[in-house]
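The values are calculated or read from the model by the stated rules, or taken from the named source; none is laboratory data. Bear in mind the structure is a predicted one, so any value in this text is a computation, not a measurement. As a convention, Cβ positions derive from the backbone with ideal geometry for all residues, glycine included, and neighbour counts pool all protein chains shown.
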Amino acid sequence: MKHTGSCHCGAIKFEIECPDEIEVEDCNCSICSKSGYLHLILPLSKFKLLEGVENLSTYTFGSGIAKHIFCKTCGIKPFYTPRSNPDGIDINLRCLDTKLSKINIVKFDGQEWEKNAHILAHKSKH
């Protein structure tokens, strides 16, 4: 199914394709816990940026592999390139404008990322 999403101010709009029943990760790492991010990792082919390329800004830290994308106007991070799946896309479930029928939220220990990254590594392949 196709679902739409956006940042808070609406300058960035996107579309994804995913099942109506999904599993997302609630990570406790420093950036995710502070931003309240719920991770829906998808293949890049299931994502389409509709509007706002000029409003995107990127933040990196640590290894520099993850590309944290946020809106220059409202500061919301609707999606990013994840370190665990640099060939995929990680959607913030909270930025979807359409609602899914069933969401299973699982805890992910991102404070111990090196030990647990293998759990996420297969996500964008499906």
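Please find, within region 49-65, the residue that is nearest to D87 (Cα to Cα) out of those that are aliphatic (A, V, I, L, M) and in contact with a strand residue (DSSP E or B) (Cβ under 6 Å, 6 or more places away or on another chain). Spell out the reasoning first.
Taking region 49-65 as the starting set, the residues that turn out to be aliphatic (A, V, I, L, M) are 49-50, 53, 56, 65.
Filter once more, keeping what is in contact with a strand residue (DSSP E or B) (Cβ under 6 Å, 6 or more places away or on another chain): 49-50, 56.
Working: L49: 16, L50: 20, L56: 19 Å.
Ranking the qualifying residues of region 49-65, first place goes to L49.
Looking at S124, S84, S63, can you tell me which residue is buried (at least 18 other Cβ atoms within 10 Å of the Cβ), assigned to a loop (DSSP other than H, G, I, E, B) and modelled with pLDDT under 95?
Working: S124 fails: assigned to a loop (DSSP other than H, G, I, E, B); S63 fails: buried (at least 18 other Cβ atoms within 10 Å of the Cβ).
Within the list S124, S84, S63, the selection yields S84.
With the structure loaded, tell me whether N92 is among the polar types (S, T, N, Q), surrounded by 19 or more Cβ atoms within 10 Å (Cβ to Cβ) and touching a Gly at 6+ places or on another chain (Cβ under 9 Å) or whether it fails that test. I'd like the intermediate steps shown before the answer.
Numbers: among the polar types (S, T, N, Q): yes; surrounded by 19 or more Cβ atoms within 10 Å (Cβ to Cβ): yes; touching a Gly at 6+ places or on another chain (Cβ under 9 Å): yes.
Against the criterion (among the polar types (S, T, N, Q), surrounded by 19 or more Cβ atoms within 10 Å (Cβ to Cβ) and touching a Gly at 6+ places or on another chain (Cβ under 9 Å)), N92 qualifies.
Any residue that is on the phi < 0 side of the Ramachandran plot, touching a Gly at 6+ places or on another chain (Cβ under 6 Å), touching a residue at least 12 places away in the same chain (Cβ under 8 Å) and not in a loop (DSSP other than H, G, I, E, B) - is there at least one of those in region 44-59?
Within region 44-59, the subset on the phi < 0 side of the Ramachandran plot is 44-51, 53-59.
Of the ones still in play, those that are also touching a Gly at 6+ places or on another chain (Cβ under 6 Å) are 44.
Subset that is touching a residue at least 12 places away in the same chain (Cβ under 8 Å): 44.
When the remaining residues are screened for being not in a loop (DSSP other than H, G, I, E, B), the result is 44.
Taking every residue of region 44-59 in turn, at least one turns out to be on the phi < 0 side of the Ramachandran plot, touching a Gly at 6+ places or on another chain (Cβ under 6 Å), touching a residue at least 12 places away in the same chain (Cβ under 8 Å) and not in a loop (DSSP other than H, G, I, E, B).
Under 6 Å between Cβ atoms, at least 6 apart or on separate chains: pull out the pairs that start in region 75-90 with a residue that is in contact (Cβ under 8 Å) with a residue 40 or more places away in the chain and end on any residue that is assigned to a strand (DSSP E or B) and of a type in the set (D, E).
Qualifying pairs under 6 Å: P82/D90.
If the requirement is being touching a strand residue (DSSP E or B) at 6+ places or on another chain (Cβ under 8 Å), closer than 26 Å to E21 by Cα and at pLDDT 95 or above, which of these qualifies: I41, I103, I69, I91?
Numbers: I41 fails: at pLDDT 95 or above; I103 fails: at pLDDT 95 or above; I69 fails: at pLDDT 95 or above.
Checking each option against the conditions leaves just I91.
Contact list please: Cβ distance under 7 Å, first residue in region 1-17 and in contact (Cβ under 8 Å) with a residue 40 or more places away in the chain, second residue outside any strand (DSSP E or B) and of a type in the set (V, I, T), pairs at least six apart or on different chains.
Pairs that qualify, where the first residue is in contact (Cβ under 8 Å) with a residue 40 or more places away in the chain and the partner is outside any strand (DSSP E or B) and of a type in the set (V, I, T), are H3/T98; T4/T98; S6/I12; C7/I76; H8/I76; C9/T73; A11/T73.
Against the definition (in contact with a strand residue (DSSP E or B) (Cβ under 6 Å, 6 or more places away or on another chain) and of a type outside the set (G, A, S)), how does H3 come out, yes or no?
On the way: in contact with a strand residue (DSSP E or B) (Cβ under 6 Å, 6 or more places away or on another chain): yes; of a type outside the set (G, A, S): yes.
In short, yes.
On the given criteria, is S63 without any contact (Cβ under 8 Å) to a residue 24 or more places away in the chain and either acidic (D, E) or over 23 Å from M1 (Cβ atoms) (or both)? Talk me through it step by step, then tell me what you get.
Working: without any contact (Cβ under 8 Å) to a residue 24 or more places away in the chain: yes; either acidic (D, E) or over 23 Å from M1 (Cβ atoms) (or both): yes.
So S63 fits the description; yes.
Taking region 1-28, which residues are surrounded by fewer than 16 Cβ atoms within 10 Å (Cβ to Cβ) and either more than 17 Å from H68 (Cβ to Cβ) or touching a helix residue (DSSP H, G or I) at 6+ places or on another chain (Cβ under 7 Å) (or both)?
So the first thing to find is which residues in region 1-28 are surrounded by fewer than 16 Cβ atoms within 10 Å (Cβ to Cβ), and the list is 1-2, 4, 8-10, 15, 17, 19-21, 23, 28.
Within region 1-28, M1, K2, T4, C9, G10, E15, E17, P19, D20, E21, E23, N28 meet the criteria.
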